[in-house]
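Input: a single structure, listed below in structure tokens.
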Amino acid sequence: MSRIAVVPGSFDPVTLGHLDVIERAAKTFDEVHVLVVHNPGKTALLPIAQRVSLIEQAVTDAHLQGNIVVTSWSMGLLVDYCTDVGASVIIKGIRSQVDVAYETPMAIVNRDLAGVETIFMLPNPAHAHVSSSLVRQVAALGGDVAPYVPRSVSEFLQAPRD
Ligand code: PNS
């Protein structure tokens with residue numbers, strides 16, 4: 001039986017820290033679904049389809065394994081998606097104790113709801129200070145986000161717009 005894991009998040013936009021976790025997950029599980037989910041608690045910068053496309057490009061550019069699916073979910077609970085695709089595990093990247101405190105209640109609720117376990121994965125500490133919200137702020141104020149995001153994302157964010 002193939003072991004499927006879901007890596008969910010806002011990915012607004014995907015960062016090098018996210019990509020690091022996605023790569024580690026792909027080495028650990030047979031199949032990994034990177035799932036872009038709208039978080040109503042956050043003000044979005046990019047449309048969901050754009051986030052999916054940027055992740056796909058980053059995964060391709062990084063030559064990650066061919067067992068990664070990138071998609072989005074807006075039909076309800078995260079665990080409903082997990083059940084639909086037969087995923088028994090959710091992977092979350094943990095940068096600090098703050099992330100543990102944020103993620104733990106969701107992990108327990110997801111297990112209560114559908115028996116889906118959450119595994120906390122530690123990214124490379126080099127990315128510990130990187131967050132999508134920081135990237136959004138630096139980009140909005142004209143700063144260089146290249147050290148924090150895949151090249152496709154920095155090119156997209158820094159491209160001139162009308
Ligand atoms: O990157 P984020 O914003 O921290 O990701 C949070 C996300 C989108 C994974 C979380 O809000 C989520 O799982 N939303 C889906 C709705 C749901 O299932 N809620 C109950 C989970 S406790």
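The values are calculated or read from the model by the stated rules, or taken from the named source; none is laboratory data. From a predicted model like this one, the values you see are computed outputs, not experimental measurements. Methodologically, a virtual Cβ is constructed for each residue, glycine included, from the backbone with ideal geometry; neighbour enumeration extends over all protein chains shown.
Quick one: is residue 146 part of a helix (DSSP H, G or I) and either more than 30 Å from residue 82 (Cα to Cα) or modelled with pLDDT of 95 or more (or both)?
No: the conditions fail for residue 146.
Give 91, 119 a once-over and let me know the one that is among the aliphatic types (A, V, I, L, M), away from the ligand (no atom under 12 Å from the Cβ) and within 17 Å of residue 22 (Cα to Cα).
119
For the stretch 33-78, enumerate the residues that are surrounded by fewer than 19 Cβ atoms within 10 Å (Cβ to Cβ), more than 14 Å from the ligand (Cβ to nearest atom) and more than 18 Å from residue 139 (Cβ to Cβ).
49, 56, 60, 61, 62, 63, 64, 65, 66, 67, 69
Within the stretch 94-115, take every residue that is within 8 Å of the ligand (Cβ to nearest atom) and touching a residue at least 24 places away in the same chain (Cβ under 8 Å) and give me the one that is surrounded by the fewest Cβ atoms within 10 Å (Cβ to Cβ).
113
Which residues, counting only those in the stretch 116-134, are crowded, with 16+ Cβ neighbours inside 10 Å and in a helix (DSSP H, G or I)?
Correct list: 127, 132.
Only residues in the stretch 13-39 that are free of Cβ contacts under 8 Å to residues at least 12 places away in the same chain count as the first member; pair them with residues that are surrounded by fewer than 18 Cβ atoms within 10 Å (Cβ to Cβ) and hydrophobic (A, V, I, L, M, F, W, C), Cβ under 9 angstrom, at least 6 apart or cross-chain, and list the lot.
Pairs that qualify, where the first residue is free of Cβ contacts under 8 Å to residues at least 12 places away in the same chain and the partner is surrounded by fewer than 18 Cβ atoms within 10 Å (Cβ to Cβ) and hydrophobic (A, V, I, L, M, F, W, C): there are none.
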